[in-house]
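Notes to accompany the following structure.
FYI, it's all coordinate maths here, none of it is from the lab. Everything numeric in this text was worked out from a predicted model, so none of it was measured. Here the Cβ positions follow ideal geometry from the backbone for every residue, glycine too, while neighbour counts run over all protein chains shown.
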Amino acid sequence: MSQHQWYYRTDCTQDDAKVGPFNEREFLQQIEAGSIAPDVFVLSPTRSKHVWYRLKQVPALMRVRERGLTQREEIIEAEPVSEVFEAELVEPTMEQALQAITSKMPQTPVAEAQASPQPDLVIPEQFSEAIAHLARSINAPTLSINQRTVYALTARSLNRYRRSSFGGAFLLVIILGLTILAGFVGGLVALSVVYGPVRLVFGYCPNLLLYLGCIAIITGSVWIRLRRHSNTVELSQVKKRTDHFRLGRLHRVLRWERTTVVGASIGALFGAQTAALFYSSNHLGLSFDGNFVSCLMISLDNVCHGIFLDSFELWKLSVSDVDYHHTFVSATMFLIFRIMFDVFFVLVFFHYVQRSRMSQLFDRFPADRLLDPTALVNWIGSITKDDETRWHDRFTDEIIFLGIVRAYIQGDFELVRQLSHQFPQVEVDDSIREMFVDSGGNVIFESAE
């Protein structure tokens, strides 16, 4: 029996995950039979001096594996050429993407036992101090500068999203209240700048001008909400230096920008209706003798009638004590504003539900271990298999990009090439693709063009 013993395992971070010992003859038989994949870690106390290596990093063992593969190919009937061409023409599905990202990657990157930070490593000046510090501090000396930079950008980006995911309904109420107030002041001031001088000069403000101003506010609010947003994964700068990734649609969900925009739109509409009531010579046809406060309360009453789905109408509730009766014109204007209030409040609720679901991704995020690439790549691997949030159904580009990042940090350059070829439609900015280079300096995250 051979005096050399061997062990293997797929996870290089958990000591209890190793399998063995095997004597050298048995171990070589398993490799020749194809039972041990090239990405599996192997160790021999005598051969490798207690250091874990991937099987593909040991030329002698890979020759044994290739010999067995050649022998098996000689007895297996070749696949028909027609089936090969048919398989190449089939467009990959989302399930195939998840399988490629989760099953083809080992669980951890290659890391030596005596890893240590490299404070003297030179990071390009285009990156922020935070990125440079994080790239130098990680305990993985086998990683190149580009791998460290990609890791640092990814870790910093995800940590920003994790912090933004905190805060539930209470924080939503605070942010929404402040933005509505800001929008109200902005809308009221904007229309007052137009209506005020006209009223001072002519003694009244023509209703046509009021209607045009309200239509402008409504149109602007709708345009801001419907304008096309960039879904591309791109670099984001802080103080003119690259600081993190902006992950397309996932960025808009996890950050508060959408809620603030909708809140400001609600406030602007509220301010526009109040201004129209106040500056109109006959208060849009309503028969009441009111001041600014009365106009404000009537507008607020209209908001409540809208967002509470006419429950105010059914139960005869009102926040205003002014007795007024609608004309055709005032009823039409109030209905338009009421519909807009309803639409924007529904959007607020939709954004909150979507954001709450996506925040669950960060329940297991290793925020306290950002200097450990292993923790980050394992977390990315876990969320690609997350079936509760089903986030990969909508954020396809983002999950594939994170899968490519994971493969690149682990040093699996061939898998990066495969994924970039298999999913050329992924929207990633070219400046990011150029960061993914192999040991020879060749770009491996190729674009569709």
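Worth pointing out:
- Karplus 3J(HN,Hα) series, Hz, for segment 292-302 with 6.51 cos²θ - 1.76 cosθ + 1.60 (x for Gly, Pro): 5, 4, 5, 4, 4, 5, 5, 5, 5, 4, 5
- By average C-beta atoms within 10 angstrom, highest first, the peptides 305-315, 41-51, 414-424: 414-424, 41-51, 305-315
- Taking the average, over residues, of other Cβ atoms within 10 Å as the packing measure, peptides 425-432, 266-273 rank 266-273, 425-432 from highest down.
- Under the Karplus curve 6.51 cos²θ - 1.76 cosθ + 1.60, θ = phi - 60°, whole-Hz ³J(HN,Hα) for segment 432-447, x wherever Gly or Pro sits: 7, 4, 5, 6, 8, 10, 8, 5, x, x, 8, 5, 10, 9, 7, 8
- Summing charges over neighbours of Ile444, with a neighbour being any other residue whose Cβ is under 11 Å away from its Cβ, gives -3 when K and R count +1 and D and E count -1.
- Protection proxy ranking of 250-262, 171-183, by the mean of other Cβ atoms within 10 Å over each peptide's residues and highest first, is 250-262, 171-183.
- Contour excess over end-to-end distance, with Cα ends at Asp430 and Phe170 and 0.36 nm allotted per residue: 89.6 nm
- Legend: calculated FRET efficiency, Arg394 to Gln3, from the Cβ-Cβ distance at R0 = 51 Å, rounded to 0.05, equals 0.35.
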